[in-house]
Amino acid sequence: MAKQKFYVVWMGHAPGIYTAWPVAKQQIDGYKGAKYKSFPTRAQAEVAFRKGAASYLQQATGVPSQETAHPRPRKSSVPTTDTIIGRSISVDAACSGNPGRMEYQGVTTSGKRQIFHRAFPLGTNNIGEFLALVHALAFLRKQEQPELPIYTDSKIALGWIKRGKCKTTLVRNAKTEELYATIEKAEAWLRENVVTNPIYKWRTEVWGEIPADFGRK
């Protein structure tokens, strides 16, 4: 029986740690300059992911190893899938005014069963999208589902997750203090945890509204 391997994808459609090669391969296919490598234990993989590719992919000669790059051209800067992965989570946010009363939720992509929901008296749609993604990541970590995909229809939230920072300009005051405390907890979670779940952009123009949509458009 083959030993379990852990695949670190530093640069790919959805950087993270994967336990199945076919899933890891999806993250590097079509991504120019993909960087990835396998490790025998999760602990080694998590250390490698935090340290970055440069510490592991340079050989003594200074020539990059064969695992440093994937030769095919990158199709898109935003990770997505050709078809909908039913066994996944979809997240979305809604705001009555922007800023205004904000809420977000996560649902099962297949069946639209609500998994979590939160609301704040004042916020923005982008903040809600960001918090929804972190909530989904933390939820799946607790459920020990490190590879279950997550869908979002927000490019901005995807970028904030990659940076580990909610780049909002919303004024911090008494009305937004609870929201800012939640944002800080979300950013701390991203600093302290390795993101292993692939996050994909929902293709609204092809599939219609994301299953987590609040239906207010």
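Within the range 127-157, can you find the residues that are within 9 Å of the chain's Cα centre (by Cα) and at pLDDT below 95? P149 - this is the single residue of the range 127-157 that is within 9 Å of the chain's Cα centre (by Cα) and at pLDDT below 95.
Checked against the criterion of being open to solvent by 20 Å² or more (accessible area, probe 1.4 Å), in contact with a strand residue (DSSP E or B) (Cβ under 9 Å, 6 or more places away or on another chain), within 30 Å of A43 (Cα to Cα) and at pLDDT 95 or above, the range 171-185 contains one or more residues that satisfy it. The condition (being surrounded by 20 or more Cβ atoms within 10 Å (Cβ to Cβ), farther than 24 Å from M11 by Cβ and free of Cβ contacts under 8 Å to residues at least 60 places away in the same chain) is satisfied by just one residue among G111, G106, G128: G128. Taking the stated definitions as given, is G215 on the phi > 0 side of the Ramachandran plot, at pLDDT 95 or above and open to solvent by 20 Å² or more (accessible area, probe 1.4 Å)? The answer is no for G215. Of the residues contained in the range 1-8, none is found to be touching a residue at least 60 places away in the same chain (Cβ under 8 Å) and surrounded by fewer than 22 Cβ atoms within 10 Å (Cβ to Cβ).
Only residues that are touching a strand residue (DSSP E or B) at 6+ places or on another chain (Cβ under 8 Å), of a type outside the set (K, R) and open to solvent by 60 Å² or more (accessible area, probe 1.4 Å) were counted across the range 42-51, and they come to 1.
The values are calculated or read from the model by the stated rules, or taken from the named source; none is laboratory data. Since this is a predicted model, take the numbers as computed values, not measurements. Cβ: placed from backbone, ideal geometry, glycine included. Neighbour counts: every protein chain shown. Surface areas here come from the heavy atoms of the whole protein model, side chains and all, with no ligands, DNA or RNA. Shrake-Rupley method; radii C 1.70, N 1.55, O 1.52, S 1.80 Å.
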